[in-house]
Each structure stands twice: as C-alpha cells, then as structure tokens.
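First comes the structure, then the notes that go with it.
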Amino acid sequence: LNALPSVDTFFLMTGTLTAYIFFKDLERAGNNGKKHTITFILYYVHRYLRISVLYAIVIGLTIAVFPYMSSGPHWFYVLMESDDCRKNWWLNLLYIQTVVKVDEPVICVGVSWYLVDDMIFHWVSPLVFYPMFYAFYKTKKHIISFLWWLLVLLLFTFTVFYVFYTTKSPPGVFNAIEG
C-alpha cells in the first residue's frame, strides 16, 4: 500500500534534479544556438544510455539465466516473465511497453513500469523547461515562467481528468483490505 507514495516521491526528486541540471546546462549554453542544439541532443542520449545499458543487461538475465536458477510453486511467474521478455524485449528498450496496446500483457521485468513513466516524463520535460527558461532569460521575471508552468500543470491535470471521466475509469488502483 505504500508503494505509490514512494514512487511519487521518486518522480518528484527525479524531476527536481532533472530541472536543476537542465537549467544549468541551458544557462551555460547562453545565446549560442549550436550549444543549445548539442545540449538538447545530449539531454536525450545521455539519459537513454545511462539507464538502458543496465536495463538491457537485466532483460538479458531475465531471458537467459533466471528461468534456470530455481523452481517452486510460484516459479511459473518467473518463467512467464522470461517468456514475455523474449517476445517483447524491444518494447522495453524503447520504453513504450505501458503505452502500446498489445494482444497480451507485457510483464517483462515487472517493476520496470516506473522506468517507462520516468523516461516519458524526461522526453516531455523540455516542452516545459525551454519556455520557462527563455521567459526568465529574456525578461528576468519569474512570474512568466511560473504562469507557463501553471498552465502546463492545469492542462495535464485536465487531460487526465478528461480521460478518466470519459472512460469511466478510476484514477488509480483501489487497494481493498478484506474485512
């Protein structure tokens, strides 16, 4: 029951650190368009390589080694996860396994769903960061950056509300304790 606040805390810490580092890199680039382009490209390349190399090793171990390590009544789940990894490893390395609809559920490395969410946040964050940086950089006023951030926050909140309202889905998993 405490996993969701822990993951939310992780996302908050990651987002704060990402914003801090990104703004420092943009500040270092100054008005140089070439440096901004390099900063933008390296922002994505660095993040993908930093996470994906280790993640690929874990997927490889899940496919090739884990099925032979033990046995038992719940070992079926490990074998099923290994089989899912063998079929859909590419969805995991592109970080789209939770956003692409496939015929069967993809449970390759079950705890990796938060890597997908974190990577998607990372891909989208320049859409928020660049306007905030340039609004402050050009005007030296924080209010314009804050208003942009508030607008994006409200748009995302409204979008989530709209999707859940139209699909009649709850916004989260309900954990009920029997009795």
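Since every read-out is calculated from the coordinates, none of them should be taken as a lab result. Keep in mind it's a predicted model, so treat the numbers as computed, not measured. Please note: Cβ atoms are built from the backbone with ideal geometry, for glycine as well, and neighbour counts cover all protein chains shown.
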Legend entry - Calculated diffusion of the stretch 23-64, Stokes-Einstein form, Kirkwood radius summed over Cα pairs, 37 °C and 0.692 mPa s, µm²/s: 273
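For the stretch 31-152, take the alpha-carbon Rg, divide it by the Kirkwood Rh, and send me Rg/Rh. Before the final figure, lay out the partial values.
Values: Rg = 20.0 Å, Rh = 17.2 Å.
Here the Rg-to-Rh quotient is 1.16.
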Inset, instruction - Go through the stretch 54-115 and name the trypsin sites (Lys or Arg not before Pro) that are in a DSSP coil and have 12 or fewer other Cβ atoms within 10 Å of their Cβ. - result: K101
Inset, instruction - Just add up the charged neighbours of V7: K/R +1, D/E -1, any other residue whose Cβ is under 14 Å from the Cβ of V7. - result: -3
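Once you list every other residue whose beta carbon is under 10 Å from the beta carbon of I107, what net charge do they have if Lys and Arg are +1 and Asp and Glu are -1?
Numbers: positive: none; negative: E81, D83, D84, E104.
The answer is -4.
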Inset, instruction - Provide the per-residue ³J(HN,Hα) series for the stretch 22-35, in order, calculated from phi with Karplus coefficients 6.51, -1.76, 1.60 and θ = phi - 60°, each as a whole number of Hz, with x at glycine and proline positions. - result: 5, 5, 5, 5, 5, 5, 5, 6, x, 9, 7, x, 5, 5
Inset, instruction - Divide the volume of the convex hull of the Cα atoms of the stretch 73-136 by its number of residues and quote the answer in cubic angstrom per residue. - result: 72
Legend entry - ³J(HN,Hα) computed for each position of the stretch 160-168 - Karplus, 6.51 cos²θ - 1.76 cosθ + 1.60, integer Hz, glycine/proline x: 4, 4, 4, 4, 6, 5, 6, 8, 6
Legend entry - Karplus-derived HN-Hα couplings along the stretch 65-76 (A = 6.51, B = -1.76, C = 1.60, θ = phi - 60°), whole Hz, x at Gly and Pro: 10, 4, x, 9, 8, 7, 7, x, x, 9, 5, 4
Legend entry - Length added when fully stretched, Y20-L42, from 0.36 nm per residue minus Cα-Cα: 6.4 nm
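Give me the dipole magnitude in Debye, nearest 20, for the chain about the Cα centre, with unit charges on the beta carbon: positive for Lys and Arg, negative for Asp and Glu. Don't jump to the answer; show the numbers that get you there.
Details: 13 positive and 11 negative charges, 219 e Å.
Value, rounded to 20: 1060 debye.
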Inset, instruction - Run down the lysines and flag those whose C-alpha is under 29 Å from the C-alpha of K140, throwing out any fewer than 8 positions away in its chain. - result: K24, K34, K35
Inset, instruction - Under 15 Å from the Cβ of Y68, count the other residues' Cβ atoms, weight Lys and Arg +1, Asp and Glu -1, and hand me the total. - result: -1
